[in-house]
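Here, each number is a calculation from the coordinates, and none is a lab measurement. Owing to the predicted nature of the structure, the values given are computational and were not obtained by experimental measurement. Note: ideal-geometry Cβ built from the backbone for every residue, glycine included; neighbour counts use all protein chains shown.
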Amino acid sequence: MHGCDLLVVGSANADLVTAVERRPAAGETVLGSDLAVHPGGKGANQAVAAARLGARAALLARVGDDAHGRLLLDSLRDAGVDTGPVLTGGTPTGVALITVDPSGDNSIVVSPGANARLTPADVRAAREVLASAAVVSLQLEIPLETVAEVVRTVGPGTRVVLNPSPPADLPAHVLAACDPLVVNEHEARFLLGGPPDAGPEPGATPGPGPYEEWARALLGRGPRSVVVTLGAAGALVCGPGGTSLVPSPAVRAVDTTGAGDAFTGALAWRLGVGDGLEAAVRFAVRVGAAAVTRTGAQASFPTAEEVDRL
């Protein structure tokens, strides 16, 4: 019996969000809306998304002993996340600077703060927590050596889900542990040797086309399975048995901030309670679709009842 369905090891940030008519070009200044401060960070987002759906979720992260850290801890606890593994103090809480355009697309700059101080030693100290989890979910807003230490530390019965965001070259033993590796089109291109900012034209709805080739190529790099998220088109699932496209319900996107985290948190939770990969992805695409219909990151994450209604 696992102590929790899902342990997320990752970042916790305060999201500083402003809406703009268009994102600025190099050297350009544009005016934005009043600044809003929300709890965020890919790790905290995934944990909150899963807990709000009903998961027994915990978070291993670092925050500062400051107002942003207290905001994050309050949000995590309100959602039902076990914050026992969260470490506090030593440096300011991480901050994400987010601009959102009228289509709901966003651009994000992250100042890591305390996230950069989550160390391999912290992981080793949390060995019992790691061993008790059915699934461990990881991202790359914490040091890569810390991610690698998690992979070395988890028990043989624990499944590893990794979203390599922001993208970085991954050690072979980390790739080999991923089941699945969850990427969007930019992360997929980076891992396959292309520029991370290439991809479909803005506003375009991607289809399975080249993404099937990308998914199979990524699978050949070592992960046990691959999921490529395709925004409004859903997600592509790729494993040893082949590939399949899971469509997303049509919704009006208001703000895509945190939608990928909602998807990954939901996916990891459903794997932790025994769903197969395609069934977990079918649930997760509905969670991601629900999340884009509201503003903010954690504030937009749906409950299980809201997902059912969608």
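Structure summary
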read-out	value
Check on Ala96, in contact with an Asp or Glu (Cβ under 6 Å, 6 or more places away or on another chain), farther than 30 Å from Gly157 by Cα and touching a residue at least 60 places away in the same chain (Cβ under 8 Å)	yes
Number of positions in segment 240-265 that are part of a strand (DSSP E or B) and on the phi > 0 side of the Ramachandran plot	1
Some residue of segment 71-78 being of a type in the set (Gly, Ala, Ser) and in contact with a helix residue (DSSP H, G or I) (Cβ under 7 Å, 6 or more places away or on another chain)	yes
Test: residue in segment 110-123 that is of a type in the set (D, E, K, R), in contact with a strand residue (DSSP E or B) (Cβ under 7 Å, 6 or more places away or on another chain) and either within 25 Å of Arg270 (Cα to Cα) or surrounded by fewer than 20 Cβ atoms within 10 Å (Cβ to Cβ) (or both)	yes
Output for segment 50-69, where each listed residue is of a type in the set (Lys, Arg) and under 23 Å from Leu97 (Cα atoms)	Arg62
Qualifying residue in segment 66-81 (condition: farther than 23 Å from Phe301 by Cβ, in contact with a Pro (Cβ under 8 Å, 6 or more places away or on another chain) and acidic (Asp, Glu))	yes
Contacts under 8 angstrom Cβ, first residue in segment 213-228 being free of Cβ contacts under 8 Å to residues at least 60 places away in the same chain, partner assigned to a helix (DSSP H, G or I) and of a type in the set (Lys, Arg), 6 or more apart	Trp214/Arg189
Filter result (in contact with an Asp or Glu (Cβ under 6 Å, 6 or more places away or on another chain), in a loop (DSSP other than H, G, I, E, B) and surrounded by 24 or more Cβ atoms within 10 Å (Cβ to Cβ)) within segment 25-66	Ala55
Number of the condition not met by Glu278 [criteria: (1) free of Cβ contacts under 8 Å to residues at least 40 places away in the same chain; (2) in a helix (DSSP H, G or I); (3) of a type in the set (Asp, Glu)]	(1)
